[in-house]
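S.K.: I'd like to ask some things about the structure below.
The values are calculated or read from the model by the stated rules, or taken from the named source; none is laboratory data. Please read these numbers as outputs of a predicted model, since none were measured by experiment. Here the Cβ positions follow ideal geometry from the backbone for every residue, glycine too, while neighbour counts run over all protein chains shown. The protein model used for the area step is the full one, side chains on, heavy atoms only, and it has no ligands, DNA or RNA in it. Shrake-Rupley method; radii C 1.70, N 1.55, O 1.52, S 1.80 Å.
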Amino acid sequence: MDINPLVNSLIPSSISVGLLLSFFTYLAVAGSILPGKIVPGVTLTDGTRLHYRCNGLLLLLVLIALLGIGTQLDIVSPTIIADRGLELLSTTFVFSVLVTLLLYVVGCKSSDQNSSLKPHVTGNLIHDWWFGIQLNPQFFGIDLKFFFVRAGMMGWLLINLSILLKALKDSNLTQSMILYQIFCTLYIIDYFFYEEFMTSTWDIIAERLGFMLVFGDLVWIPYTFSIQGWWLLHNKVELTTAAIVANCLVFFIGYVVFRGANKQKHVFKKDPKAPIWGRPPKVIGGKLLASGYWGIARHSNYLGDLLVALSFSLPCGISSPIPYFYPVYLLILLVWRERRDEARCAQKYKEIWNEYCNLVPWRILPYVY
Ligand code: NDP
C-alpha cells in the first residue's frame, strides 16, 4: 500500500494553520465583544469566583452567518473542512502540544497563590504537562479552559456542516446523514443555549488545564465525535421506518433525561428550595438533592448522555463497529468519571454522602448499575 498520500494529507499546510488561527481569533475577539450573560463560577477554595461571559450561542450563529456569506461570495469553500479533515486534525494536534508546553512553562514560573493560578508541580514533567499546572490559566483576560471547550464544541458542528455540504455536493445525502446531522446539531445548539450550566461541571471546576483537557477539547471532541459523519460519507445504509422512529425515540428520551438532570442540579445549586417536578425537593444534609432524576440514580445525567450518544450512531446501522466509537468511548469515560466523582463527593460530603448513597443506591442505570 502506498502510504505517501496518507502521510501527505496529514502534513499541516499554511491553509490549515490559517483556518485554525482564524477560528481562534474569531472566538477570542467576538467572544470578548458580543453581549452575553455574565455568570459567576463556583466559589474556589480561596473564596474567589471567576466570571464567564456566556455568549456561545450568539457567537456560533454569527460565525455560521459569516461563513454563509463567505460561501455566497466565493471566499470560503463550504467543503474545505471535509476536504482537509486529516490535515486539520494534525494541525490541531500540533497546536495542542505547543500550547500545553507553553502552559507548562508559564505555570511552573507562576508565583501566584490564588486558587486559579497557583502552580501545582509534582516535578514529574509528563504528569504535570498531561494534567496541567494551573486550574484556570488566562490569556489576555480570556479563561482558556472555557475558551477551548467552546472551540471544541463549535468545531464539531463546523466539521459536521462541512460533511453535510460535501454529501450534498456529491449527491450523496441519505436519511442516515440527515438523522445524524439533526441529532448532533440539536445537541450542540442545546449545549450553547445552556452554556452557563458548563460553569459548574467537573472539567471547569476540578480539572487543571493540561494536555489531557486541551487535547480532549480541541482534537478529541470535534474529530472523534464526528466519526459517524465521515463514515456516512463513504457508506450507504438503508433504514426502515421502524428503525428511524426507534432512533428518534432513543435521542428524545436521552435528551430529556440528560438535560432534565443537569438542569435540576443547576437550579438546585442556585435555589435549594426550588420545586422539582412540582414538589418541594428532598434534600440531604441541606446540600445534596435526592429528588427528581437525582433521586432515581446518582448520575442519571450520564445515562441520558449515553442514550444521546447512541442515537448519533444508530443511523449508521450495525454493519460496522466504527460509528459506535463515540458511545463506547463515552461509556468508558463516564463510568471512570463517576468513580472519580464519587470519591471526591465522599471526601467532600462525608456522612451525608453515605446517607445519599443509601437512599439512592444506583450509580447510573437504575436496577442495573
Ligand atoms: P455532574 O454535572 O454530574 O457534576 C458532579 C458534581 O455535582 C459533583 O462533584 C458534586 O459537586 C455535584 N453533585 C453530585 N451529586 C449531587 C447531588 N445529589 N446534589 C447536588 N449536587 C450533586 O458531572 P460532570 O461535570 O462530569 O458532567 C456534566 C455533564 O456533562 C453530564 O451530563 C455528562 O454526561 C456530560 N459530559 C459529557 C462528556 C462528553 O464527552 N460528551 C464528557 C464529560 C461529561 P459539588 O461539589 O459542586 O456539589
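S.K.: If you take the residues in segment 162-175 that are among the hydrophobic types (A, V, I, L, M, F, W, C) and surrounded by 15 or more Cβ atoms within 10 Å (Cβ to Cβ), which one is modelled with the lowest pLDDT?
M.R.: Step by step, filter segment 162-175, then rank; the result is Leu173.
S.K.: Scanning segment 113-148 for residues that are in a loop (DSSP other than H, G, I, E, B), polar (S, T, N, Q) and open to solvent by 70 Å² or more (accessible area, probe 1.4 Å), which turns out nearest to Cys54 (Cα to Cα)?
M.R.: As a first pass, look at segment 113-148 and keep what is in a loop (DSSP other than H, G, I, E, B): 113-124, 132-137, 140-141.
With polar (S, T, N, Q) added as a condition, the list becomes 113-116, 122, 124, 134, 136.
Next cut, open to solvent by 70 Å² or more (accessible area, probe 1.4 Å) only: 113, 122, 124.
Values: Gln113: 27, Thr122: 34, Asn124: 36 Å.
Of everything passing the filter in segment 113-148, Gln113 is nearest to Cys54 (Cα to Cα).
S.K.: Determine if segment 54-71 includes at least one residue that is at pLDDT 95 or above and hydroxyl-bearing (Ser, Thr, Tyr).
M.R.: no
S.K.: Could you tell me which residue of segment 334-368 is nearest to the ligand (Cβ to nearest atom), considering only residues that are assigned to a loop (DSSP other than H, G, I, E, B) and in contact (Cβ under 8 Å) with a residue 24 or more places away in the chain? Lay out the reasoning, then the answer.
M.R.: As a first pass, look at segment 334-368 and keep what is assigned to a loop (DSSP other than H, G, I, E, B): 350, 360-368.
Pick out the ones that are also in contact (Cβ under 8 Å) with a residue 24 or more places away in the chain and you get 360, 362-366.
Values: Val360: 8, Trp362: 12, Arg363: 11, Ile364: 10, Leu365: 13, Pro366: 15 Å.
Here the residue is Val360.
S.K.: So which residues in segment 301-333 are polar (S, T, N, Q) and part of a helix (DSSP H, G or I), if there are any at all? Please lay out each step first, then the result.
M.R.: Quick first cut of segment 301-333, residues polar (S, T, N, Q) only: 301, 311, 313, 319-320.
Listed by number, the residues that qualify are Asn301, Ser311, Ser313.
S.K.: Any residue in segment 226-233 that is within 14 Å of the ligand (Cβ to nearest atom), of a type in the set (A, V, I, L, M), modelled with pLDDT of 95 or more and in contact with a helix residue (DSSP H, G or I) (Cβ under 8 Å, 6 or more places away or on another chain)?
M.R.: yes
S.K.: Next question. Does segment 273-294 contain any residue that is part of a helix (DSSP H, G or I) and open to solvent by 30 Å² or more (accessible area, probe 1.4 Å)?
M.R.: At the first step, the residues of segment 273-294 found to be part of a helix (DSSP H, G or I) are 292-294.
After this cut, where a residue has to be open to solvent by 30 Å² or more (accessible area, probe 1.4 Å) as well, the list is 293.
Checked segment 273-294: at least one residue is part of a helix (DSSP H, G or I) and open to solvent by 30 Å² or more (accessible area, probe 1.4 Å).
S.K.: Looking only at helices (runs of 4 or more DSSP H) that lie completely in segment 1-81, which have at least 1 residues being buried (at least 17 other Cβ atoms within 10 Å of the Cβ) and under 22 Å from the mean Cα position of the chain (by Cα)?
M.R.: Values: elements: 4-10, 14-33, 56-72.
The helices (runs of 4 or more DSSP H) meeting that bar are 14-33, 56-72.
S.K.: Can you tell me how many residues within segment 191-212 are open to solvent by 40 Å² or more (accessible area, probe 1.4 Å), more than 8 Å from the ligand (Cβ to nearest atom) and assigned to a loop (DSSP other than H, G, I, E, B)?
M.R.: Of the residues in that region, 2 qualify.
S.K.: In segment 299-322, what residues are under 13 Å from Phe183 (Cβ atoms), aliphatic (A, V, I, L, M) and within 16 Å of the ligand (Cβ to nearest atom)? Explain how you work it out, then say what you get.
M.R.: Residues of segment 299-322 that are under 13 Å from Phe183 (Cβ atoms), as a first pass: 305, 307-316.
Keeping just the survivors that are aliphatic (A, V, I, L, M) gives 307-310, 314.
Those that are under 13 Å from Phe183 (Cβ atoms), aliphatic (A, V, I, L, M) and within 16 Å of the ligand (Cβ to nearest atom): Leu307, Val308, Ala309, Leu310.
S.K.: Give the residue, chosen from Ile244, Ile204, Ile178, Ile188, that is over 19 Å from Ser319 (Cα atoms) and at pLDDT 95 or above.
M.R.: Working: Ile244 fails: over 19 Å from Ser319 (Cα atoms); Ile204 fails: at pLDDT 95 or above; Ile178 fails: over 19 Å from Ser319 (Cα atoms).
When all the criteria are applied, what remains is Ile188.
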